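Chemist: Below you'll find the structure I mean.
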Amino acid sequence: MSRALEAYLSQVGSGFKGLTRRRRLTLLRELEAHLRDEAEARGIDSEAGMSAMLSEKEHPTLLAEELSAGEGQDANHRGSTALAAGMMIGLATGAHMWFEGWRWYISLAFAAAQGLAVGTGYFWVRRHWLRLNPWARTAVAVLITSLLSIPLGFTTHHGFKPTRLLYGAYTGFLLERHSQERPLWQTVLEPVLFTAFMFILEAGFLGRVRFQWWKVPLELSFNATLLLSVMGALKLKRLLAERWVLTPQEQG
């Protein structure tokens with residue numbers, strides 16, 4: 001962890017009043033996640049940059065008092081933020097399926113599973129692996145969202161479809177990778193490679209579907225929609241997570 005961030009969090013923690021030890025640790029973990037997200041979004045990767053960002057924030061003692069006083073309201077805010085960001089992903093992908101001609105109940109079920117189980121679930125648990133290096137964080141995100149996407153496997157006309165879990169894993173990969181700004185060529189390439197992977201797996205190895213060229217644009221457009229919804233959800237989460245106690249002092 002950055003020394004500046006560690007010192008800031010330590011000062012905030014020492015200022016908590018009337019909270020249990022477990023609750024203090026939870027609040028500090030969530031504050032750390034928020035500040036790391038902001039640093040990543042701003043491209044800050046040096047100790048000097050982190051120190052400059054933290055100097056803009058509310059004084060640690062005042063921040064601790066605000067967090068202690070508004071603890072219940074903060075929990076509601078965090079839950080609403082995760083729900084809104086997750087459902088943006090679900091609604092975008094569900095709507096795309098409906099426009100493609102899927103039955104409304106399949107599209108709705110996919111939207112709910114993708115938005116609530118995968119999207120919201122990811123945002124709720126991400127703080128637990130923030131201290132890992134970027135590649136380890138991506139691997140954990142893919143694993144967790146694969147598990148969270150089990151409900152997606154039932155969003156078909158015929159029983160459970162295991163390959164649906166790959167869309168959850170892909171969502172976790174995108175969410176973690178795009179927590180930082182990525183070059184445009186990588187952003188464009190990601191849905192193309194995933195589309196090719198899905199066709200090779202289902203049409204080649206598993207033989208579940210027959211490869212037809214006209215299906216490629218449909219699958220590619222869906223994966224591109226998923227990518228755009230992830231980028232939008234991350235942006236929305238950052239905007240909703242901004243509270244006056246965490247904004248620069250002159251804006252408080």
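Chemist: For the chain, what's the relative contact order in percent, using C-alpha pairs closer than 8 Å and at least 6 residues apart?
Modeler: Result for the chain is 23 percent.
Chemist: Another one. Could you work out how far apart the two model spin labels at L201 and W104 are, taking each label as a point 7 Å from the Cα in the direction of the beta carbon, and quote it in nm?
Modeler: Taking the two extended label points, one gets 3.1 nm.
Chemist: List the longest stretch of the chain that has no exposed loop site; here a site is one of the chymotrypsin sites (Phe, Trp or Tyr not before Pro) assigned by DSSP to anything other than H, G, I, E or B, with at most 15 other Cβ within 10 Å.
Modeler: 1-159
Chemist: In vacuum, with every alpha carbon of segment 90-172 counted as one equal point scatterer, what does the Debye formula give for log10 I(q)/I(0) at q = 0.12, 0.17, 0.24 Å⁻¹? Two decimals, please.
Modeler: The Debye formula, applied to the Cα set alone, gives -0.35, -0.64, -1.06.
Chemist: A further question follows. Kirkwood Rh and Cα-based Rg: tell me the resulting Rg over Rh for the chain, rounded to two decimals.
Modeler: 1.03
Chemist: Related question: Going through the cross-link list K161/K235; K57/K235; K215/K235; K161/K215, which pairs have a Cα-Cα distance over 27 Å in this structure?
Modeler: K161/K235; K215/K235
Chemist: Sticking with this structure for a sec: Okay, helix-only estimate at 222 nm for the chain: each DSSP H run of n ≥ 4 adds -39500 (n - 2.57), divide by all residues, round to 500 deg cm²/dmol; what do you get?
Modeler: Result for the chain, helices only: -21500 deg cm²/dmol.
Chemist: Let me ask you something else. Relative to the first principal axis of the alpha-carbon coordinates of the chain, what is the inclination of helix 21-41, with its axis defined by its Cα atoms, in degrees from 0 to 90 and to the nearest 10?
Modeler: Between the helix axis and the principal axis of the chain, the angle is about 70 degrees.
Chemist: While we're on this one: With label points built 7 Å along Cα→Cβ from the Cα atoms of A136 and L83, find their separation and express it in nm.
Modeler: Once both label points are built, they end up 3.4 nm from each other.
Chemist: Could you compute the FRET efficiency for W124 and L19, with r as their C-beta to C-beta distance and R0 at 25 Å, rounded to 0.05?
Modeler: Efficiency computed from Cβ-Cβ geometry: 0.80.
Chemist: In square nanometres and to one decimal, what's the mean projected area of the convex hull around the Cα atoms of segment 1-116?
Modeler: With every direction weighted equally, the projected area is 9.2 nm².
Chemist: Okay, moving on. What FRET efficiency would be calculated for the residue pair L240, L189, taking the C-beta separation as r and a Förster radius of 25 Å, to the nearest 0.05?
Modeler: The value I calculate is 0.25.
No value in this document is a laboratory result; all are computed from the given coordinates. From a predicted model like this one, the values you see are computed outputs, not experimental measurements. Neighbour counts run over all protein chains shown; Cβ positions are idealised from the backbone, glycine included.
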